[in-house]
1. Using the membrane-span-like helix rule (whole DSSP H runs, Cα extent along the own axis of at least 15 Å, mean Kyte-Doolittle hydropathy at least 0.5), which helices of the chain qualify?
2. Work through the residues other than residue 114 whose Cβ is under 12 Å from its Cβ and net out their charges, Lys, Arg +1 and Asp, Glu -1.
3. Residues with amide H under 5 Å of residue 208's amide H, sequence separation 5 or more or different chain, H placed in the peptide plane at 1.01 Å from N; which?
4. Dipole size in debye (nearest 20) for the chain around its Cα centre, Lys and Arg Cβ +1, Asp and Glu Cβ -1?
5. Given charges of +1 on the Cβ of Lys and Arg and -1 on the Cβ of Asp and Glu, with all other atoms neutral, how large is the dipole of the stretch 247-383 about its Cα centre, in debye to the nearest 20?
6. For the stretch 212-259, compute Rh as the Kirkwood radius over C-alpha pairs and then the Stokes-Einstein diffusion coefficient at 37 °C and 0.692 mPa s; write the answer in µm²/s, rounded to an integer.
7. Sequence gap at least 6, Cα distance under 8 Å: using those rules, report the relative contact order of the chain to the nearest whole percent.
8. How far apart, in nm, are two points set 7 Å out from the Cα along the Cα-to-Cβ line at residue 19 and at residue 354?
Amino acid sequence: MSIAPTPVDAHEILASVITDAPDAREVVATLRPEVLARTREAYDALYRSEQLLPAPVLHALAVVTADWQGSGALSAWHATQGADARLTAADPIAADLHGLDAATLNALREHVDLLSVSPALIGRADQTRLLDAGVDAPLAVLVSQLVSFESYVQRLVAGLAALHGLDVPTIEAPTRHPRSRGRAAEHGGPTATGRTRPSTFTREVLQWEPWVAVPEENELSELQRASFASKASTNSVYFRMLSLTPAITAARSGLDNAIFLPRDGAPKAERELAAAVASKVNDCIYCASVHARKAAGFSRREDAVDTLLAAALERDDDWIAADLAPLTAGQDARWSAVIAAAAELSRPRPQLTAAQLEPLRRQGLTTVEITDLLTAAAFFAWANRLMLSLGEPSLPDTDVPDSDVPDSGRSGAERVAA
C-alpha cells in the first residue's frame, strides 16, 4: 500500500532551499544540485558569517524586503532568526540600536524600501545620501547584496511553489511611502563621468560605471580575487566592486555558472531570454543588453529579441509596470510562454501561478526545463538590483576594449560561445 506524500507549503520549501530541511526535498529536487548548494552558500555567507551589520539588523532588513515584495514565508523566516522588530515597524527609527545611530538605520531602511520596490529609480544621489549617513562602499555593497539575494530567493521559492500547484502566503506591504513615489528612471542624459546613458533598450555592448568607491587591482586580497575568478579578470570594475563582499560574491559567481553554463536542460537561448525578460520588467537596460545579445546569438532570432526589447511598458508612480502583456506581442507560442512566465515571476510582488506554467507544458517543456527557466529569471532579480543600485550604464567609448565591459554578472567575454 502506497502512502501519498504529505503536502508541503512555501515555508517548508524555503527551509529546504536554504537549510537542507527534509520536508520539501521532493519539491526542490528539480533544482540543479549546484544551484541549491550555491544558494545555501550565499545564505550562509550573508547571515552566518561575520558581517559589517549585526545579525538582528541584517534579518530586519530582510524582513523589510520580504514585506515589500509580498513574501510571507521569507518575512516569517527572518523574524524567527532574530530580526529586530523595531527596525521593521512603520514608524521612523527614533533611537540608536545595535551600535548604529538612528540616522544611519533610517537611511539604510529607506534604501532597502526603494531597492525592494523600484530598483530602476535608484540614482547616484541615493548612494550619496547613504554616504552622508555614514554608509561606506563595503556596507553599501552588502546592503545591495542582501536585498538582491532575498529577491532571488523569494522568486526561487515562488517558482517552485507554482510548479507544484502550491500557494505562497503573502504579506501586506509596509504602510510607509517609499522614496520612489513620483520619480522616473534616468534614461539618457549624462552620467557622473560625462558619458551618455543609453536612452532605450539595445543589444549593443554598453559600459557600466560605479557610484561607490571600488578597490584598484593591486588593492585586492587573494580572497577578493578568488571571489570572481570564475567570472572575470581583475580589470572588471564591477567585479572588483562586488569583491567588497567576497564570500557572498564567490557563492553568487558559482550560482551564476550553475544556472547558465550547463548544456543540458532548458535551451541556453531560453535561459538567456528569461534573463532579458526579467531585466525588461525591472527596467535594467544594461543587463537586458547583455542577455538579449546572448539570447539572439544562441537562437539566431535577432528580430524576435529586438521585438521584446522594443516592447513599451507603462509604469505607475512607483515605476512599476502592471500590464506585462506587451512583452509577448509578436512572439511565437513557445517564446510567449517563456516570456510570460519569466515576467510574472519578476514583478515586484511575484504573481506566478501553476496555471501560468501550463503553456510551457503544452510546448513540451519538462518540469526540469521549466525549473531552469524560472531559476534564470529569479537570478536576475539579484543581478538587476546590483547593477541598478550601485552604478549606471553608459554608451561605450570608442577606445575601450570589450574586456573592460562588465557582463552583468556573467563571463567577461562579450561574444557568445559556440
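1. Values: long enough: 33-47 (21 Å, -0.48); 55-69 (21 Å, 0.93); 102-117 (23 Å, 0.58); 137-163 (39 Å, 1.29); 246-260 (21 Å, 0.52); 268-281 (20 Å, 0.08); 285-299 (20 Å, 0.42); 333-346 (20 Å, 0.91); 367-390 (35 Å, 1.06).
Those that pass (Cα extent of 15 Å or more, hydropathy at least 0.5) are 55-69, 102-117, 137-163, 246-260, 333-346, 367-390.
2. Values: positive: 109, 129, 176, 179, 181, 183, 385; negative: 110, 113, 126, 318.
Here the charged neighbours net out to +3.
3. The answer is 394.
4. Using Cβ point charges on Lys, Arg, Asp and Glu, the chain gives about 660 debye.
5. Value, rounded to 20: 440 debye.
6. This corresponds to a translational diffusion coefficient of 315 µm²/s.
7. The normalised contact order for the chain reaches 23 percent.
8. Result for the modelled spin labels: 2.6 nm.
The values are calculated or read from the model by the stated rules, or taken from the named source; none is laboratory data. Here the structure is a predicted model, which means the values were calculated and not measured. Neighbour counts are summed over all protein chains in view; Cβ atoms, including those assigned to glycine, are modelled from backbone coordinates with ideal geometry. Heads up: the accessible areas ignore ligands, DNA and RNA and are worked out on the full protein's heavy atoms, side chains in. Shrake-Rupley method; radii C 1.70, N 1.55, O 1.52, S 1.80 Å.
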